[in-house]
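Values quoted throughout were computed directly from the atomic coordinates according to the rules given, and no laboratory measurement underlies them. In this text, all values refer to a predicted model and were calculated from it rather than measured experimentally. With ideal geometry, Cβ positions are generated from the backbone for all residues, glycine too; neighbour counts draw on all protein chains shown.
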Amino acid sequence: QVLLVESGGGLVQAGGSLRLSCAASGSRFTIATMGWYRQAPGKQRELVADSTNSGSTSIADSVKGRFTISRDDAKNMVYLQMNSLDVEDTAVYYCNAQGSYTRARVPFVSWGRGTQVTVSS
């Protein structure tokens, strides 16, 4: 299985910045897409940003211009740079990866446990 571990969450004042990291580990897998989702209290989980191996990225309108996603494929890591944070960004942020197992030749979808981001006014 592919294990995803997020880090970098915490408490920050509005207008501040945080950088989230996600590391994928395991063996015999290839990741095609990595990204970030978030779930705020009382709301559904939503896509924040993702990135494919081909270089395509997507980002939610609510964070466009403030958040940036990046990847380091050699390290199987994905990052989310969050600037100009607002109280509405408070949520649990989850790392997501999609790919395939090399030997089994089957696809997978993996989720991290999440990291809490709290933005105070």
Given a Förster distance of 22 Å, report the FRET efficiency between T102 and N53 from their Cβ-Cβ distance, rounded to the nearest 0.05.
0.95
What nm value, rounded to one decimal, do you get for the distance between S25 and S121 when each label is placed 7 Å out toward the C-beta?
4.0
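Given Cβ point charges of +1 (Lys, Arg) and -1 (Asp, Glu) and nothing else, what value in debye, to the nearest 20, does the dipole of the chain about its Cα centre take? It would help to have the intermediate numbers written out before the result.
Values: 12 positive and 9 negative charges, 90 e Å.
So the dipole magnitude of the chain works out to roughly 420 debye.
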Antiparallel versus total DSSP beta bridges in the chain: what percent is that, nearest 5?
90
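So if we plug the beta-carbon distance of A40 and D72 into 1/(1 + (r/R0)^6) with R0 = 25 Å, what FRET efficiency do we get, rounded to 0.05?
Computed FRET efficiency for A40 and D72: 0.35.
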Highest-MSF residue in the chain out of D89, D61, D73 [GNM, Cα springs under 10 Å]
D61
Over the chain, relative contact order from alpha-carbon pairs under 8 Å, at least 6 apart, %:
36
Given the alpha-carbon gyration tensor of the stretch 18-102, what are the semi-axes of its equivalent ellipsoid in whole angstrom, ordered largest first, with each equal to the square root of 5 times an eigenvalue?
24, 13, 11
Contour minus Cα-Cα span, A14 to V109, at 0.36 nm per residue, comes to 30.9 nm
